[in-house]
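Please read the structure below before turning to the comments.
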Amino acid sequence: MPPRFADVDAYLAALPTDSRAVVAEIRRRIRAVAPPDAVEEIAYQMPTIKLDGKNLLHYAGWRQHVSLYPIPAADEALRAEMARYADGKGTLKFPLREPIPYELIERVAAALVEERR
(Lines give C-alpha, C1' and ligand atoms only; values in the text may rest on other atoms or scores of the structure.)
Protein backbone atom coordinates (compact mmCIF):
# COMPACT_ATOMS: atom_id res chain seq x y z
CA MET A 1 0.00 0.00 0.00
CA PRO A 2 1.44 3.44 -0.92
CA PRO A 3 2.31 5.80 1.91
CA ARG A 4 -0.33 8.21 3.24
CA PHE A 5 0.81 11.76 3.78
CA ALA A 6 -0.55 13.97 6.55
CA ASP A 7 0.45 17.18 4.82
CA VAL A 8 2.62 18.64 2.05
CA ASP A 9 5.70 18.80 4.30
CA ALA A 10 5.45 15.05 4.91
CA TYR A 11 5.04 14.50 1.16
CA LEU A 12 8.18 16.53 0.43
CA ALA A 13 10.18 14.66 3.06
CA ALA A 14 9.33 11.35 1.37
CA LEU A 15 10.43 12.39 -2.13
CA PRO A 16 13.63 11.21 -3.80
CA THR A 17 16.39 13.75 -3.27
CA ASP A 18 16.51 14.70 -6.96
CA SER A 19 12.92 15.85 -7.05
CA ARG A 20 12.48 17.20 -3.48
CA ALA A 21 14.08 20.62 -4.09
CA VAL A 22 12.29 21.01 -7.43
CA VAL A 23 8.88 20.21 -5.93
CA ALA A 24 9.56 22.56 -3.01
CA GLU A 25 10.29 25.37 -5.48
CA ILE A 26 7.17 24.52 -7.50
CA ARG A 27 5.19 24.72 -4.26
CA ARG A 28 6.67 28.14 -3.49
CA ARG A 29 5.94 29.43 -6.99
CA ILE A 30 2.34 28.16 -7.00
CA ARG A 31 1.66 29.62 -3.56
CA ALA A 32 3.04 32.97 -4.77
CA VAL A 33 0.39 33.24 -7.50
CA ALA A 34 -2.48 31.52 -5.67
CA PRO A 35 -5.01 33.79 -3.98
CA PRO A 36 -4.77 34.17 -0.20
CA ASP A 37 -7.90 32.06 0.29
CA ALA A 38 -6.39 29.06 -1.53
CA VAL A 39 -5.84 26.03 0.70
CA GLU A 40 -2.97 23.57 0.47
CA GLU A 41 -3.59 19.92 1.30
CA ILE A 42 -2.97 16.37 0.18
CA ALA A 43 -5.49 14.93 -2.30
CA TYR A 44 -4.96 11.74 -4.30
CA GLN A 45 -1.74 11.41 -2.24
CA MET A 46 -0.14 14.47 -3.83
CA PRO A 47 0.07 18.17 -2.97
CA THR A 48 -3.06 19.99 -4.05
CA ILE A 49 -4.15 23.59 -4.09
CA LYS A 50 -7.86 24.03 -3.44
CA LEU A 51 -9.83 27.13 -4.25
CA ASP A 52 -13.43 27.69 -3.21
CA GLY A 53 -13.49 24.16 -1.78
CA LYS A 54 -12.53 22.48 -5.09
CA ASN A 55 -9.25 21.07 -6.35
CA LEU A 56 -7.47 23.62 -8.51
CA LEU A 57 -4.02 22.17 -9.14
CA HIS A 58 -2.11 19.03 -8.18
CA TYR A 59 1.65 18.64 -8.42
CA ALA A 60 3.85 15.62 -7.83
CA GLY A 61 7.48 14.55 -7.79
CA TRP A 62 8.77 11.34 -9.32
CA ARG A 63 12.23 9.87 -9.80
CA GLN A 64 12.77 11.32 -13.27
CA HIS A 65 10.20 14.10 -13.59
CA VAL A 66 7.70 16.35 -11.81
CA SER A 67 4.11 16.75 -12.95
CA LEU A 68 1.28 19.27 -12.77
CA TYR A 69 -2.39 18.42 -13.23
CA PRO A 70 -4.63 19.67 -14.91
CA ILE A 71 -3.68 21.74 -17.93
CA PRO A 72 -5.57 25.06 -18.20
CA ALA A 73 -7.52 25.95 -21.34
CA ALA A 74 -5.24 29.03 -21.68
CA ASP A 75 -4.55 31.36 -24.56
CA GLU A 76 -2.77 30.25 -27.71
CA ALA A 77 0.68 31.43 -26.60
CA LEU A 78 0.51 29.59 -23.27
CA ARG A 79 -0.88 26.45 -24.94
CA ALA A 80 2.04 26.50 -27.38
CA GLU A 81 4.56 26.81 -24.56
CA MET A 82 2.91 23.99 -22.58
CA ALA A 83 2.72 21.65 -25.60
CA ARG A 84 6.32 20.51 -25.18
CA TYR A 85 5.51 19.22 -21.68
CA ALA A 86 2.03 17.79 -22.31
CA ASP A 87 1.88 14.12 -21.45
CA GLY A 88 -1.50 12.55 -21.79
CA LYS A 89 -4.78 14.23 -21.16
CA GLY A 90 -4.49 16.97 -18.57
CA THR A 91 -0.88 16.41 -17.45
CA LEU A 92 2.27 18.46 -17.78
CA LYS A 93 5.48 16.47 -17.20
CA PHE A 94 8.80 18.25 -16.61
CA PRO A 95 11.90 16.00 -16.88
CA LEU A 96 14.39 16.50 -14.04
CA ARG A 97 17.30 16.13 -16.48
CA GLU A 98 16.29 19.48 -18.05
CA PRO A 99 16.01 22.95 -16.51
CA ILE A 100 12.59 23.31 -14.86
CA PRO A 101 10.55 26.15 -16.42
CA TYR A 102 9.39 27.66 -13.12
CA GLU A 103 8.03 30.80 -14.81
CA LEU A 104 5.84 28.62 -17.04
CA ILE A 105 4.60 26.74 -13.97
CA GLU A 106 3.65 30.08 -12.38
CA ARG A 107 1.74 31.08 -15.51
CA VAL A 108 -0.06 27.72 -15.60
CA ALA A 109 -1.11 28.15 -11.96
CA ALA A 110 -2.24 31.73 -12.61
CA ALA A 111 -4.25 30.60 -15.66
CA LEU A 112 -6.01 27.96 -13.57
CA VAL A 113 -6.85 30.56 -10.91
CA GLU A 114 -8.19 32.89 -13.62
CA GLU A 115 -10.35 30.10 -15.07
CA ARG A 116 -11.79 29.37 -11.63
CA ARG A 117 -12.49 33.02 -10.79
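Check the stretch 51-58 and report whether any residue there is within 14 Å of the chain's Cα centre (by Cα), surrounded by fewer than 16 Cβ atoms within 10 Å (Cβ to Cβ), of a type in the set (Asp, Glu) and closer than 16 Å to Ala109 by Cα.
No.
Are any of the residues in the stretch 72-91 out of contact with any helix residue (DSSP H, G or I) (no Cβ under 9 Å at 6 or more places or on another chain), in a loop (DSSP other than H, G, I, E, B), closer than 24 Å to Arg116 by Cα and in contact (Cβ under 8 Å) with a residue 24 or more places away in the chain?
yes
I'm trying to understand the selection: among the residues of the stretch 23-47, which are more than 15 Å from Ala110 (Cβ to Cβ), surrounded by 18 or more Cβ atoms within 10 Å (Cβ to Cβ) and among the aliphatic types (A, V, I, L, M)?
Val23
Quick one: what pairs do we get from the stretch 98-117, first residue more than 14 Å from Ile71 (Cβ to Cβ), second among the basic types (Lys, Arg) and part of a helix (DSSP H, G or I), C-beta under 7 Å, 6+ apart or different chains?
Tyr102/Arg29; Glu106/Arg29
Can you name every residue in the stretch 79-93 that is hydrophobic (A, V, I, L, M, F, W, C) and touching a Leu at 6+ places or on another chain (Cβ under 8 Å)?
From the stretch 79-93, those hydrophobic (A, V, I, L, M, F, W, C) are 80, 82-83, 86, 92; that's our starting set.
Selection gives Met82, Ala86, Leu92.
Please work out which one of (1) part of a loop (DSSP other than H, G, I, E, B); (2) farther than 14 Å from Gly90 by Cβ is the condition Lys50 fails and give its number.
For Lys50, the exception is condition (1).
Which number in (1) part of a helix (DSSP H, G or I); (2) within 16 Å of Ile100 (Cβ to Cβ); (3) basic (Lys, Arg) marks the one condition that Arg63 misses?
(1)
Residue check: is Ile71 of a type in the set (Val, Ile, Thr) and over 28 Å from Ala6 (Cβ atoms)?
Yes, satisfied.
Give all pairs with beta carbons closer than 7 Å in which a residue from the stretch 26-40 that is part of a loop (DSSP other than H, G, I, E, B) meets a residue that is of a type in the set (D, E, K, R) and at pLDDT 95 or above; count only pairs at least 6 apart in sequence or on separate chains.
From residues that are part of a loop (DSSP other than H, G, I, E, B), the pairs are Ala38/Lys50.
The values are calculated or read from the model by the stated rules, or taken from the named source; none is laboratory data. All figures in this text were calculated on a predicted structure; none of them were measured in a lab. Methodologically, a virtual Cβ is constructed for each residue, glycine included, from the backbone with ideal geometry; neighbour enumeration extends over all protein chains shown.
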